[in-house]
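Below is one structure, written out as structure tokens, with a few remarks after it.
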Amino acid sequence: VGLIMMIAVVTGATSGMGRECAIQLWEQFKGLDEIWAIGRRKERLEQLKDFIGIPVRTFDLDLTEEKDLERLKAALTQAGPQVKFLVNAAGFGKIGGVRELSVSDQTGMAELNCTALRQLRLWFFLYANNSRILQFASSAAFLPQPGFAVYAATKAYVLSYSRALNRELKDRGISVTAICPGPVKTEFFDIAQTTGEIPLYKQFVMAKPDRVVKKAIRDSVSRRELSVYGWTMKLSICLQSYCPTA
């Protein structure tokens, strides 16, 4: 009987916190046989191999496209691996009011940040036991944000769904950690600012992605439901819990 391959699946692996997760998971968990890196930019995915000392299987695909999802599903079915980590880091946001942003931008945020993420989890359950799911939500998930409304709403979905799943999956030894950072210095804001400017205060509290990811992995291993990096974000979320919502 052949040994079952142990893998980590990372979406959004071409840049930012997804890329950092792929690298740090290899550095910290020597039992992994492969990293499956998912993103839309093939060249970036290939470059990731230079930073990881085990095989990296790349999937240059769009998680909002059904045919691309089927391609990933077929690969999972053929390999039959044990998925020890699923990192859902793919996502994007656009700054602007709902009357200003295009319909395609708004629906795109919902499809990638929510629908594609949920679909991946459904497949993951077939290949996971005693495993970890890391979901990248945001500090924006805790309160509505005019001018960033659609993005904040998608991250509220990720947060709520992740916390519920964490309770539902305990009997299979699967833990789900919602990662809720504040602003992080990645390409995310390069895309977000194509439709508007981020507030000045966010530029002063931007965290480094490697530090956010290091804490996220540590919290995931400790089976924590939430991972929040930095005292400013922890204080902000604490204060938000006292704000009335009705």
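Among the residues of the range 113-133, how many are in a loop (DSSP other than H, G, I, E, B) and surrounded by 16 or more Cβ atoms within 10 Å (Cβ to Cβ)? Outline the logic, then answer.
Our first condition is that a residue be in a loop (DSSP other than H, G, I, E, B); within the range 113-133, this holds for 128-131.
This time we only want the ones that are surrounded by 16 or more Cβ atoms within 10 Å (Cβ to Cβ), so: 128, 131.
The qualifying residues number 2.
Select from the range 18-61 the residues that are among the acidic types (Asp, Glu) and out of contact with any helix residue (DSSP H, G or I) (no Cβ under 9 Å at 6 or more places or on another chain) and write down the one among them that is nearest to VAL213 (Cα to Cα).
If we take residues in the range 18-61 being among the acidic types (Asp, Glu) and out of contact with any helix residue (DSSP H, G or I) (no Cβ under 9 Å at 6 or more places or on another chain), then GLU27 is nearest to VAL213 (Cα to Cα).
Among the criteria (1) touching a residue at least 60 places away in the same chain (Cβ under 8 Å); (2) under 30 Å from PRO146 (Cβ atoms); (3) open to solvent by less than 50 Å² (accessible area, probe 1.4 Å), the one GLU100 does not fulfil is (3).
Taking the residues in the range 106-128 that are aromatic (Phe, Trp, Tyr) and in contact with a strand residue (DSSP E or B) (Cβ under 8 Å, 6 or more places away or on another chain) as candidates, determine which candidate is farthest from VAL87 (Cα to Cα). So, considering only residues that are aromatic (Phe, Trp, Tyr) and in contact with a strand residue (DSSP E or B) (Cβ under 8 Å, 6 or more places away or on another chain), the one farthest from VAL87 (Cα to Cα) is TYR127. When restricted to residues that are acidic (Asp, Glu) and either over 23 Å from THR115 (Cα atoms) or part of a helix (DSSP H, G or I) (or both), the range 45-79 contains 5. Condition check: under 27 Å from ARG44 (Cα atoms) and either part of a loop (DSSP other than H, G, I, E, B) or acidic (Asp, Glu) (or both). Does ALA110 satisfy that? In short, no.
Checking ALA79, ALA74 one by one, the residue that is at pLDDT below 95, touching a strand residue (DSSP E or B) at 6+ places or on another chain (Cβ under 9 Å) and closer than 30 Å to GLU34 by Cα is ALA79 and no other.
For the range 3-55, the set of residues classified as of a type in the set (D, E, K, R) and under 13 Å from VAL83 (Cβ atoms) consists of ASP33, GLU34, listed by residue number. Flag: ILE198 does not match the condition of being of a type in the set (Val, Ile, Thr) and either modelled with pLDDT of 90 or more or not in a loop (DSSP other than H, G, I, E, B) (or both).
Does MET17 satisfy the condition of being assigned to a helix (DSSP H, G or I), of a type in the set (A, V, I, L, M, F, W, C), in contact (Cβ under 8 Å) with a residue 24 or more places away in the chain and open to solvent by less than 10 Å² (accessible area, probe 1.4 Å)? Answer is no for this residue. In the range 151-186, of all residues being more than 17 Å from the chain's Cα centre (by Cα) and part of a helix (DSSP H, G or I), the one that is surrounded by the fewest Cβ atoms within 10 Å (Cβ to Cβ) corresponds to ASP171. Is there a residue in the range 26-36 that is among the aromatic types (Phe, Trp, Tyr), open to solvent by less than 70 Å² (accessible area, probe 1.4 Å) and in a helix (DSSP H, G or I)? For the range 26-36, residues among the aromatic types (Phe, Trp, Tyr), open to solvent by less than 70 Å² (accessible area, probe 1.4 Å) and in a helix (DSSP H, G or I): present. Taking residues in the range 129-158 that are within 12 Å of VAL98 (Cβ to Cβ) and without any contact (Cβ under 8 Å) to a residue 12 or more places away in the chain, and partners anywhere that are acidic (Asp, Glu) and buried (at least 23 other Cβ atoms within 10 Å of the Cβ), not one pair has Cβ atoms closer than 8 Å while being at least 6 places apart or on different chains.
The values are calculated or read from the model by the stated rules, or taken from the named source; none is laboratory data. All of these numbers come straight from a predicted model, not from anything done at the bench. Neighbour counts run over all protein chains shown; Cβ positions are idealised from the backbone, glycine included. Accessible surface areas use protein heavy atoms only, side chains included; no ligands, DNA or RNA. Shrake-Rupley method; radii C 1.70, N 1.55, O 1.52, S 1.80 Å.
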